[in-house]
Amino acid sequence: MTRREFLTTVAVGAAATQTARAAAMKYGYAAITWGANVTQAIEDISAVGFHAIQLRSEAFAQFGDRPAALKDLLDRHHLTMAVLSSGNLSIDPAKEESEIATHVSHAKFVKAVGGAYLQVIDERPKGRAIVADDYRRLGRLLTRLGQRTADAGVPLVYHHHMNSLGEKPDEVAAVLDAADRRHVKLLFDTAHYQQGGGDPVAAIRRYRDWIQVLHLKDVEPFNNSYRFVELGRGRVDLPAVFKALDDIGFDGWAIVELDRVPDPNRTPKEAAEFNKRYLIDRLHQRI
């Protein structure tokens, strides 16, 4: 074999490996952009060509007493419910029991619909300084909740988030240090981690054993603050993110999320199409 033939073989093999991993990663789209219009979100996300959806509490409000109807709607549109956003989890002892009960009921709903994961975000205490025990308490509370949702047949994923206890990189680390990885997994969000002051690429490698779900998301500076934007329009180094995902062999759910459409002339469906084209044309992914 000549040197050129050898290099060609190596390149083809590497490309095949990357394609296999890209194919193994499962893509979905978050319904948050459509607000309370759950049915329209399902129709549009399916029409754009995604095969899974992340729904929010609006879905439970509308279908909580008839999960079979939601499952049928999803099946007719060839969608899987990858994740249900279950809302907030507070470390306030007065709220603990009621919130755990709510999230467990949501987990049973996810199971009935044929969904995969239950997501929670925590509430950052207001009006006082944050102390180290807050992170420890949250980690223990997530573990307790994860045990309960597992009993219902649905794993729990923790979504670190701006304006939560898990906002900055050291805060995310403190929460996870106090949680039991057997019962709590991580929903890693590229834009929230970036905006919180972290390096998403380094975090993907650091938390490779924690990450079960990924939020593919971008963020840009806006009016002395920030706003979430379509993929490729913000500060997140998405090509480097995908290189890190390839390096760790990530094959879980990758959910594209856009809280709201920044361009008032673009519909949620058009934004989803923009994001899909970016994944295919720029990042060479298979949806």
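Miscellaneous remarks
- Restricting the stretch 202-218 to residues that are aliphatic (A, V, I, L, M) and part of a helix (DSSP H, G or I), the residue that is surrounded by the fewest Cβ atoms within 10 Å (Cβ to Cβ) is Ala202.
- The set of residues in the stretch 22-47 being surrounded by fewer than 19 Cβ atoms within 10 Å (Cβ to Cβ), in contact with a helix residue (DSSP H, G or I) (Cβ under 6 Å, 6 or more places away or on another chain) and among the aliphatic types (A, V, I, L, M) consists of Ala36 alone.
- Selection status of Tyr226, surrounded by 19 or more Cβ atoms within 10 Å (Cβ to Cβ), of a type in the set (Ser, Thr, Tyr) and farther than 19 Å from Arg56 by Cβ: no
- Test: residue in the stretch 151-158 that is out of contact with any Gly (no Cβ under 7 Å at 6 or more places or on another chain), in a helix (DSSP H, G or I) and either touching a residue at least 12 places away in the same chain (Cβ under 8 Å) or surrounded by fewer than 16 Cβ atoms within 10 Å (Cβ to Cβ) (or both): yes
- Scope the stretch 30-41; condition closer than 18 Å to Arg260 by Cβ and not small (Gly, Ala, Ser); matching residues: Ile32, Thr33, Trp34, Asn37, Val38, Gln40
- Cβ-Cβ distances below 8 Å connect the following pairs, each with a first residue in the stretch 53-82 that is touching a residue at least 24 places away in the same chain (Cβ under 8 Å) and under 14 Å from Leu118 (Cβ atoms), a second residue that is buried (at least 16 other Cβ atoms within 10 Å of the Cβ) and among the polar types (S, T, N, Q), and a separation of six or more residues or different chains: Gln54/Ser85; Gln54/Gln119; Leu55/Ser85; Arg56/Ser85; Ser57/Ser85; Ser57/Ser86; Met81/Gln54; Ala82/Gln54.
- Taken together, the residues in the stretch 166-201 that are outside any loop (DSSP other than H, G, I, E, B) and of a type outside the set (A, V, I, L, M) amount to 13.
- Residue satisfying condition, being modelled with pLDDT under 95, more than 21 Å from Asp199 (Cβ to Cβ) and hydrophobic (A, V, I, L, M, F, W, C), within set Ile287, Ile280: Ile287
The values are calculated or read from the model by the stated rules, or taken from the named source; none is laboratory data. Just so you know, these numbers come straight off a predicted model, no measurement behind them. Glycine gets a Cβ as well: all are built from the backbone with ideal geometry, and neighbour counts include every protein chain shown.
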